[in-house]
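Below is one structure, written out as structure tokens; comments come after it.
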Amino acid sequence: MAAADLLTDLAELDKTLTSIEVVLDPAGKREQIAELQEQASAPDLWNDQDNAQRVTSKLSALQAEVDRLAALRQRVDDLAV
């Protein structure tokens, strides 16, 4: 495959990932993560077990999603190098 083809493929991959990032809004998810971390650090969190499970589950899911997206971004950025 020619270098020009690789650059074109990389540019399209970057464009696709950027579109995904716009839809998934990682910055907004990081804000939610910060709020949930604050709730999770409350000393009385486990007084309401249903709420505690909701908070910790949501926190875990959001963190995993943001981590996956960041890993993908890093891989695409590394390909350019």
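The values are calculated or read from the model by the stated rules, or taken from the named source; none is laboratory data. Predicted model only: the values in this text are computed from it and were never measured. For neighbour counting, all protein chains shown are included, and Cβ atoms are generated from backbone atoms with ideal geometry for every residue, glycine included. Note: areas computed on protein heavy atoms with side chains; ligands, DNA, RNA excluded. Shrake-Rupley method; radii C 1.70, N 1.55, O 1.52, S 1.80 Å.
Taking the Cα centre of the chain as origin and charging only Cβ (+1 Lys, Arg; -1 Asp, Glu), how large is the dipole, in debye to the nearest 20?
In total the dipole reaches around 80 debye.
Cα convex hull of the chain: how many Å³ per residue?
84
So what's the projected area for the stretch 5-50, the Cα convex hull averaged over all directions, in nm²? Show your work: numbers first, answer last.
On the way: hull surface 18.8 nm².
It is 4.7 nm².
Once both axes come from the Cα atoms, what is the angle between helix 3-24 and the longest principal axis of the chain, in degrees from 0 to 90, rounded to 10?
That works out to roughly 20 degrees.
Considering only protein heavy atoms and a 1.4 Å probe, what is the carbon-and-sulfur percentage of the accessible area of the stretch 5-78?
About 52 percent, which is the carbon plus sulfur part of the accessible surface.
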